[in-house]
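The block underneath contains the structure these notes are about, expressed in structure tokens.
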Amino acid sequence: MTTSISVAIVEDHPEICEELQKIIRREPNLDCLVCCRNAASAIAILPTLLPDVVLLDVQLPDGTGIDILRQVKPRMPDTQVVMLTISQDIDVILGALGAGASGYLLKDSSDDEIVEAVRNARLGNSPLSGQVARCMVDDLQRQYHTAPNQPKLTSREQQVLEYVALGYSDKQIAEQLEITLQTVNSHLKNIYTKLGVHSRSQAIAHYFMGRQGDGPSAPAHHVQTGTARRTWFSRARI
């Protein structure tokens, strides 16, 4: 029997809340627990419910999603938070990921992309909209050109980074490489230091930056965009 994934939504527009709840509730094994309409209610309610995944807007009437993250994530470390917003500002993206978000989606994502992101976040992956990944790549390219003498990764660190980019969890990487989980964590720490990044998502973006033109097909964590999409956001008339 598949375990149900509990989801909470933090979104101030009632029409958007309603559409997101419909998307979640019609999926098997997904359960929408609550839709918080402001930062105060999210900070009060989320740590008591401990949902598996939170879909979190950036801009709320009484605060920001990043403020919420900073306050609630230490109290619910096992909850995966995916930002769901219209903002493509790189400072907002990196601020959210740095505060503990596992992923970052734009509100033009399709119904299926929302569901896939929830499932992938629960598995420990980092769902990113294509445009968001592009913003991160552009930012890392700028950083790279200002630091050309960056230390190179060892062959083992490169292997670990490749598995991270393919959406593998730390445990799965340890199994694939036949090393301990502690060794994986040590490699990840070295990778972050050498690349000058602070999160798994930034490391993934750095990986794709280095493989432009000859990289593998998009990994499971990477949300693809396309011309044919179900626009749930356009259905929410605000």
* **Cβ pairs under 6 Å, 6+ apart, first in segment 53-70 and at positive phi, second of a type in the set (A, V, I, L, M, F, W, C) and at pLDDT 95 or above** => GLY63/ALA39
* Structure fact -> In segment 168-198, residues that are surrounded by fewer than 14 Cβ atoms within 10 Å (Cβ to Cβ) and not in a helix (DSSP H, G or I) total 3
* Scan segment 130-144 and give yes if some residue there is under 22 Å from ILE9 (Cβ atoms) and either surrounded by fewer than 20 Cβ atoms within 10 Å (Cβ to Cβ) or among the aliphatic types (A, V, I, L, M) (or both), otherwise no. => yes
* How do the strands (runs of 3 or more DSSP E) wholly within segment 1-82 filter down when requiring 2 or more residues that are over 21 Å from GLU113 (Cβ atoms): which remain? -> 30-36
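Working carefully through the options LEU97, LEU123, find the one that is in contact (Cβ under 8 Å) with a residue 12 or more places away in the chain and over 23 Å from ASP138 (Cα atoms). Talk me through it step by step, then tell me what you get.
Details: LEU97 fails: over 23 Å from ASP138 (Cα atoms).
Unique residue meeting the criteria: LEU123.
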* To do: Select from segment 44-61 the residues that are modelled with pLDDT of 95 or more and more than 20 Å from the chain's Cα centre (by Cα) and write down the one among them that is surrounded by the most Cβ atoms within 10 Å (Cβ to Cβ).
  => ILE45
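The values are calculated or read from the model by the stated rules, or taken from the named source; none is laboratory data. Source: prediction; values computed, not measured. As a convention, Cβ positions derive from the backbone with ideal geometry for all residues, glycine included, and neighbour counts pool all protein chains shown.
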